[in-house]
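Below is one structure, written out as structure tokens; the observations come after it.
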Amino acid sequence: MSDVTLLPSVNLFLARDHGHFINGTCSPSSTSAKIKVINPANGEAIAQVSEGSQADVDQAVLSAQAGFKIWSKTSPAARAAVLFKLAGLLEQNREELAQLETVQSGKIIQISRAFEVDQAAHFLRYYAGWATKINGETITPSLPSFAGERYTAFTLREPVGVVVGIVPWNFSTMIAIWKLASALTTGCSIIIKPSEFTPLTILRIAELATQAGLPAGALNVITGSGLSGKALIDHPGTNKVSFTGSVPTGIAVGKSAMEAKLTRATLELGGKNSVGFLRDVDLDKAADGIIEAGFLHSGQICAAAERFFAHRSQIEPLMEKLAQRLATLKIGSPLDESTQFGPVTNKQHQQKLEAFFKTARNESNTIVFGGNAIDGPGCYVEPTIILANSAKDTLLNEETFGPIATFLPYDTDEELLHLMNDTPYGLSASIWTNDLSKALRLVPEIEAGTVWVNMHTMLDPAVPFGGVKASGIGREFGAAFIDDYTELKSVMIRY
Ligand code: NAD
């Protein structure tokens, strides 16, 4: 097979002189500072975007404040209609958005189409449905009256205002959609700051949002590095930050938000997610499960598993089966529809993964499969299996965010639980067994925001998602996000 041909609209978009997206339109930056966007499949610069300056940030906040005035007064049904229309436009522009995503992130084209566009449209429709269902409640006050007077009370859910949505590079389209959908369905306006590595699709989606009928200023995009993200959080005109990214940056963002003006912050952070295979597990299903849990999008998924615990009697045959499967994965160009395993998203990340391979060797871990970067201009690394010596080894403790499955054997169920929970993080975990009764007894003991049984990494818009421990604060999806994007106002009446 060969690469799909880039659509003319993709080539035209890449060649544009990109500014920010402010006040419903493309807006040139106030500075000439530019950031190159590099295709990680071949190391070539494919586009350049602007570094957001303080003046750009000021302009975006003014725009978002004006947008908020209009959008928060728009009826819930009209808000839903715009979001439903935008979901349709994502699908109509599916191939263009998927190709843009693939050339900026190295994600294989099939994943860009199925997840970054199709799934994003599903999520957007789910959120749009909430616009007409967000309500306060009536309350009967509890204290006795003094002289026969009566009281009644109710609550109003009011949008928090201007939201800053800060997005990482791994699912730059879908995560941007989660953020703009949460903000817009609750009546907030939003300024998205995409990752400096993957800023392109959201610039195009902002144009589609205008086409869908979103009023100017309700959605803005400021491109640039972390500095522009910080300037947005620090700005007195922003009211909430919704951040997705790494733990160290999340802590910095949380501090900035508190120091700025107690800005509300939700933090969806990284992790070091565990998989526990119980002794009765079918090894073929387990090996397939590890591909799903650890190697999709080259392991660059926040919920992906990196720590795998198998019973001592099964660990060798399991790693052998996994190695056989990894050996058949077709590694290649992400634009080739037959490719199953593409590059990682940027050079720095490839170098970070190489450093992890070195650490594993220095700590005398066994490299069962892979363990090298792949030579060439692209950012490729081999899918890798590592057998650690102890639970203290680096590869079992630090998030690699790459295609590296690190294994450790256990002997008893108590030891398995201890190993799974022995991490400062708690985003997701899975257990694999035919014994559902045992699985249901273990679930409450596992310290993670999401626990899957006989599956891993599947996110559904109806099911809340977020981390415990150092993996974050707050939840996305379900009804859980509503608390984070609205203020509860209490009203009491005497009669
Ligand atoms: P990152 O933390 O390096 O960057 C994330 C975003 O924050 C980028 O847009 C960046 O420009 C911005 N940023 C950097 N410094 C900032 C600052 N001081 N103030 C404001 N913004 C700043 O993360 P990344 O490398 O882009 O993404 C990978 C990480 O994201 C992994 O750790 C992964 O686990 C995590 N992640 C978590 C989830 C989740 O839902 N929990 C989802 C996807 C990714």
note = Listed by chain and number, the residues whose amide H is under 5 Å from that of S195, excluding neighbours fewer than 5 places away on the same chain and using placed H, are V167
task = Quick one: angle between helix 76-92 and the longest Cα principal axis of the chain, in degrees between 0 and 90, rounded to 10, please.
result = 40
query = Which ³J(HN,Hα) values in Hz, rounded to whole numbers, follow from the phi angles of segment 427-444 under the Karplus curve 6.51 cos²θ - 1.76 cosθ + 1.60, where θ = phi - 60° and Gly and Pro get x?
reply = 7, 8, 7, 9, 10, 10, 6, 8, 9, 5, 5, 5, 4, 5, 6, 7, 3, x
query = Applying the Karplus parametrisation 6.51 cos²θ - 1.76 cosθ + 1.60 with θ = phi - 60° to the phi angles of segment 308-322, what ³J(HN,Hα) value in whole Hz is obtained for each residue in order, glycine and proline being reported as x?
reply = 10, 10, 10, 4, 3, 6, 10, 5, 5, x, 5, 5, 5, 4, 5
task = Pull out the extension gain between S142 and N362, defined as 0.36 nm times the separation in residues minus the alpha carbon to alpha carbon distance; nm, one decimal.
result = 72.7 nm
key: Long-range amide H partners of N23 with built H, under 5 Å   = G217
ask   = Carbon and sulfur atoms: what percent of the 1.4 Å accessible area of the chain do they account for?
value = 56
note = Residue-normalised 222 nm signal for the chain, counting each DSSP H run of n ≥ 4 as -39,500 (n - 2.57), nearest 500 deg cm²/dmol, is -11000 deg cm²/dmol
ask   = Ordered by residue, what ³J(HN,Hα) values in Hz, to whole numbers, does segment 45-57 give under the Karplus form 6.51 cos²θ - 1.76 cosθ + 1.60, where θ = phi - 60° and Gly and Pro are x?
value = 6, 10, 6, 9, 10, 8, 7, x, 9, 4, 5, 5, 4
query = Helix 172-185 versus the longest principal axis of the chain: what angle, 0 to 90°, nearest 10, using Cα atoms?
reply = 30
key: Nonlocal amide H pairs with F369, under 5 Å, H built at 1.01 Å   = I385
note = Here the percent of antiparallel bridges among DSSP beta bridges lying wholly in the chain, to the nearest 5, is 45
ask   = Restricting attention to segment 123-226, which trypsin sites (Lys or Arg not before Pro) occupy a DSSP loop and are surrounded by at most 15 other Cβ atoms within 10 Å?
value = R150
key: Over 43 Å [Cα-Cα, the chain], rounded percent   = 18
ask   = Per residue, what accessible area does the chain have, given a 1.4 Å probe and all protein chains present, in Å²?
value = 40
Rounded to 10°, Cα long-axis angle of helix 247-261 versus longest principal axis of the chain = 20
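The values are calculated or read from the model by the stated rules, or taken from the named source; none is laboratory data. All figures in this text were calculated on a predicted structure; none of them were measured in a lab. Every residue, glycine among them, receives a Cβ derived from its backbone with ideal geometry; neighbour counts consider all protein chains shown. Each accessible area value is taken on the protein alone, full model and side chains, heavy atoms only, with ligands, DNA and RNA left out. Shrake-Rupley method; radii C 1.70, N 1.55, O 1.52, S 1.80 Å.
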